[in-house]
Amino acid sequence: MTRRRFVGLSAGLAGSLAAQSFAIAKAQGAPLKVGVLLPRSGVQAGIGQDCQRGVDIAPGILKDLGLPELAIMNADTETNVEVARARAERLIGEGAQLIVGAFDSGQSTAIAQVAEQKGIPYVINIAAAPPITEQGYKFVFRNFPTASMILADAFANQKEIFAAVGSAPKSVVFMHVNDTYGTSMQKGIDAVLSKADMPYKILDTIAYDPAARDLSVEVAKAKATGAEALLLVSRLNDAMLLTRELVKQRWTPMAVLSMGPGWYEDQYLKTLGKLADGPISFVPWYDPNKPLSKALEAALMKAHRDVNLNTNHIYTFEALLIAADAYKRAGSTDPKALADAIRATDIANNVSIGPGIRFDAKGQNATLKNAAIQNRGGKLVTVAPKSAANAKPEWPLGPYEKRG
Amino acid sequence: MIPLLTDGVPRRGLKLLVALALALLAAPLAANDYLITVLILVLYFAYVGQAWNIMMGFAGQLSLGHALYVGLGAYAAAALYVHFGVGPWLGLWVAMASSAAVGATIGFLAFRFGVGGVYFAILTIAFAEFARIGFDHWGWLGGSAGLFLPVANYAHNDILTLRGSPTMFYYVMLTMTAAAFVFCHALLRSRIGYYWLAIRESPDAAQALGIDIFRAKMVAVIISAAMTSLGGVLFAFYYNNLFPEQIFHISRSIELILGPIIGGIGTLVGPIVGAFLLTTLAETLSEIMRWVGIDLPGIKQVFYGFCLLGVVMFLPDGVWPPLGRWLGLGREEGDRGRGEGER
Amino acid sequence: MPAEIYLNVAVSGLLTGLVYGLMALGLSVIFGVVRVVNFAHGEMMTIAMYLAVALFSAYKLDPLAMLVPIAAVLFALGYVLQRGLINPFINRPEHSQFMLLVAVALIMVNALLIAFGPDARGVQTSYAFASFALGPLIVDANKAYAGLAAVTVAAGLVAFFRYTLIGKAIRACADNYAGALVVGLDVKRLYALTFAIGSACVGACGSMMVLLVDVTPPLGPTYTLLAFVIVITGGLGSMAGALLGGVLIGMTEALGGLLFTPSAKSMFTFAILVVVLLFRPQGLLGKRLT
């Protein structure tokens, strides 16, 4: 070992040590590495890509709010539970300090298990199956209502609308898609309905296959019950199929009351044009009167002019909001500190309806309220609850044959 | 017993096998969690591929609905655990029994009524689809909303209830795969193994010799079903959630037969080679896509499809036979049925 | 439930079944003659459907009007596929054929995904929401047109095989391979032609199907399976059987969905398949297998 060598070595060592401490100091100001898991391919790809829009417009708004920067690591769950799990593991292996995702209840459960096991905080953007926050997890948080919350609010909002329009259906037929979400809603409905004191009776429950391409039999069955209104839980494709069948089979129910996605999405409105008007959706939504909602709406308009602000954007954005806010308060990237910070979240300046974002002991935001939105002329208006409304409901459903 | 098992295996092959075993045993020490997850997946596919291989490669019946047994095994063990608190080591017996029963039913229906070839394949698909839709409506097992196993923060490994870190699952899966390998090797050298070979080569001659074809085929189907169901049990306790749409889906059935077909049907090492190859291929393609910066959903699968096409077209017997020859292993242990006469 | 519901649903099932039948016809022709298990059958129909969608969105051309051109494109695709890729596999074991076509299907599905994206696409023809009211019967106009088109194409196909020279040659290949060779038929070319005809059939089917159903890239496998079930139920080698099988399956699904849970209606299809395979393996109208 020559002297030159030794000096060179020690200089190098000192330099790297200095760099290390520099790095540690910098880490606190460094962007938080957030892994975003969404279905970007596979059956749910369209929704995943829609959620991504919420991710894309977030940085600007978060900066305006004075929140720290987030370094987003995108990953694709491929609408597959196994892939979701593997990708979550990989994201964490690559240094993700917080995970956000994943739209689907099944995939979110798998990711939650990974997150809990590794002790990395996981903020669920959208997934309604109740069991996820019933597992006693310490690192999993859900800023999205559970199926029972959605149902309870749906019935409350329906009563509000019935009172406002002075009319209510005496009977409904309940149709639901037979997947994780649809079944959770169907299971919950019996429990919630008995307490809700609704003016209508459910004459029949019709479940259909999520992959069904032809819903003529289902609609024929529904029409045959003689029910006055249609209560349903569906997805985008079936919403369009159902509407088409309603038109073809010449049945205009008094109202279409949807407690799920589909009937308000851009593709539905665009494809069906005038035939899209009228259905009322009871969904987790944004409060149009909150200032941050307006900011989000503006940002979305700038980035994608013809896209309506919807659940996917709102809740994905809020998940990132939670991450940034917790990072600011925690002051470090230590996962336990982050998790504790998230648990203590109290954001009143948010987008979704309700007093704000806060989590109970199970990691669930039980304060979220859901709205009733109605399709009107290619846009969506909020008709209930009164505190978050910006329009009056149109009732009953205009006959399909008379629309242009 | 060991001399009996190693009899007939070329010495070079044994050395390679031991080297591989040691590498696999040591893997978790060197690999990060993500790699371990990938390895578990590889071993899982190697295992179920091996189980499927018994039915196809050894008994010549193309089953395209093998996900049925995975699902049955998974649901049986999971339901017992969720509803009755019965651990997986007891649950697996019920899993194997139910899968074997269903396999026997399918086998009986098929073989007694002379359903073979493509028709048999379609029959297996039909049963798997039937199960998928049926379980979708079975409320006690969660239906389409899924069956969730209770989980907690894994502070320590509990092998009795299979709760623990990926490393624990890795070793369990490794043991299962190794055991399957040895078991199949033993099977091939047993009497039933030779019966199967005879039936594969020439059913008429076999029958003329007095071999009970029906019984031999049934044994193959039952063993294959029972073995596959164990894979399902592990699946249930590893992933902790089960959805009929996922676990019984035809794409699962196709997925698990890719390994053995690419690796080499009827060979002992084929499924393992195939599983390694396919997983490596899939992950490499993902990496390349990320490195090149192409984020086009579906492009990875297109390349995957082309690679598959290439293998099917140019290596019709699978990757293992030429690979084995290249490694200097001569005629591989299970690579019989070529009618080349003596060793 | 009022009686007219059953009638409406049955008619709806019948019309859809005719389209299924045509799709199965294409498969029957391929499987019956070339003896190739075409697991990419549904994917080819998906390609045809996307073609129809593309033509409609670009030039507002009605899918039924485009039936012949679309069938022609699929004809060419099928010919090339058979000649180029599948031919060497005719005498290979089933699992090899299967793997080949699974790989082909995988490439097709994902190429479509890249080209068209994952969202469902459909055609909004002027009659997309129309229906005919005949007394208590309300018939979906789309189903009526599609069913009619299916019957027409099927009739054309039957005529082709019965009365033209090439049709007879193809049937000869199916009935007696060695004999056909002896007589001097260019079997390779005929095989390619048959695969092409089967593909054209499924192509025509695609332009009808797009009126009934929206297309997504992973639509194929469901229809491949359905086609196989129908072919087996109706009987391999019988064209009338394929149509009959299609109608039977179409009506069973519809009525089954009406009487029981709609989400479980596919179970009836599989139940029928199992029953047929066990008790009448040659299918309803098929020839007894030797």
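Tabulated data for the structure shown
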| item | result |
| --- | --- |
| Percent antiparallel among DSSP beta bridges (both partners in the protein assembly as shown, rounded to 5) | 35 |
| Surrounding net charge for A:ALA71, when Lys and Arg each add one and Asp and Glu each subtract one, Cβ distance under 12 Å | -1 |
| Inter-chain Cβ neighbour average for residues B:112-122, partner chain, 10 Å | 5 |
| The stretch A:281-366: translational diffusion in µm²/s, Stokes-Einstein, Kirkwood Rh over Cα pairs, 20 °C, 1.002 mPa s | 155 |
| Charge-dipole axis of the protein assembly as shown as Lys and Arg at +1 and Asp and Glu at -1 on Cβ define it, positive-most pick from A:ALA319, A:ILE150, C:SER207 | C:SER207 |
| For the stretch A:198-257, convex hull volume per residue from C-alpha positions, Å³ | 82 |
| Amide H contacts under 5 Å for A:GLN364, placed H, 5+ residues apart | A:ARG142 |
| Loop-resident sites, the stretch B:71-123, for chymotrypsin sites (Phe, Trp or Tyr not before Pro), counting at most 15 other Cβ within 10 Å (DSSP) | B:PHE113 |
| Over chain A, relative contact order from alpha-carbon pairs under 8 Å, at least 6 apart, % | 18 |
| At 1.306 mPa s and 10 °C, Stokes diffusion of the stretch C:83-171 via Kirkwood alpha-carbon radius, µm² per second | 89 |
| Protection-proxy order for peptides A:295-303, A:105-113, each taking the mean of Cβ atoms within 10 Å per residue, highest first | A:105-113, A:295-303 |
| J(HN,Hα) series, the stretch B:197-214, from Karplus relation 6.51 cos²θ - 1.76 cosθ + 1.60, nearest Hz, glycine and proline x | 4, 4, 5, 5, 6, 7, x, 5, 4, 4, 5, 4, 7, x, 6, 7, 4, 4 |
| Other protein chain Cβ atoms within 10 Å, averaged over every residue that makes up B:165-171 | 1 |
| Dipole-positive endmost among C:LEU185, C:PRO218, C:PRO69 within the stretch C:3-218 (Cβ charges, Cα centre) | C:LEU185 |
| Residues B:LEU29, C:LEU22, B:LEU123, B:LEU323 arranged by fewest to most Cβ contacts within 10 Å | B:LEU29, B:LEU323, B:LEU123, C:LEU22 |
| With Cα atoms, 0 to 90° folded angle of helix C:67-81 axis to chain C main axis | 40 |
| Cut-off 14 Å between beta-carbons: net charge of the residues surrounding C:THR125, Lys and Arg +1, Asp and Glu -1 | +2 |
| Ranking of B:ASP204, A:ASP287, A:ASP104, B:ASP33 by count of other Cβ atoms within 10 Å, fewest first | B:ASP204, B:ASP33, A:ASP287, A:ASP104 |
| Relative contact order of chain B, defined on C-alpha pairs under 8 angstrom at six or more residues apart (%) | 29 |
| Amide H within-cut-off set for A:MET73, under 5 Å, with H built and near neighbours excluded | A:VAL34, A:GLY35, A:VAL36 |
| Dipole moment magnitude, nearest 20 debye, the protein assembly as shown about Cα centre, only Lys, Arg, Asp, Glu C-beta charged | 980 |
| Debye equation applied to the C-alpha atoms of the stretch C:3-218, log10 I(q)/I(0) at 0.08 Å⁻¹ | -0.31 |
| Net dipole in debye of chain B [+1 Lys, Arg Cβ; -1 Asp, Glu Cβ; about Cα centre; nearest 20] | 540 |
| Cα gyration tensor shape of chain B, rounded if a/c is under 1.5, else prolate or oblate by comparing a/b with b/c | rounded |
| Within the stretch C:3-218: Cβ-based charge dipole about Cα centre, in debye rounded to nearest 20 (Lys, Arg +1; Asp, Glu -1) | 640 |
| Exposure proxy ranking, count of Cβ atoms within 10 Å, fewest first, for C:HIS41, B:HIS66, B:HIS249, C:HIS95 | B:HIS249, C:HIS95, B:HIS66, C:HIS41 |
| Karplus (6.51, -1.76, 1.60) ³J(HN,Hα), θ = phi - 60°, over the stretch B:245-252, in Hz, Gly and Pro reported as x | 4, 7, 7, 9, 5, 5, 5, 5 |
| Lys/Arg +1, Asp/Glu -1 at C-beta; the stretch C:3-218 dipole; positive extreme among C:PHE116, C:GLY84, C:LEU55 | C:GLY84 |
| Reciprocal mean inverse distance between Cα atoms of the protein assembly as shown - Kirkwood radius, Å | 30.5 |
| Prolate/oblate/rounded call for the stretch C:1-126, Cα gyration tensor, a/c under 1.5 rounded | oblate |
| Value of relative contact order over the stretch A:251-340, rounded to a whole percent, pairs C-alpha under 8 Å and six or more apart | 22 |
| Cβ-based net charge around C:VAL183, under 15 Å, with every Lys or Arg adding one and every Asp or Glu removing one | +2 |
| Cβ neighbours within 10 Å from other chains - mean over A:69-79 | 1 |
| Degrees, to the nearest 10: A:236-248 long Cα axis against longest axis of chain A | 10 |
| Helix C:41-59 vs. chain C, principal-axis angle (Cα, 0 to 90°, nearest 10) | 60 |
| Whole-Hz ³J(HN,Hα) from phi, Karplus 6.51 cos²θ - 1.76 cosθ + 1.60, for the stretch C:151-164, glycine and proline x | 4, 4, 4, 4, 4, x, 5, 4, 4, 4, 6, 8, 10, 8 |
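A short reminder: the numbers here are calculations on the coordinates, not readings from a lab. None of the values given here were measured: they were computed from a predicted structure. Please note: Cβ atoms are built from the backbone with ideal geometry, for glycine as well, and neighbour counts cover all protein chains shown.
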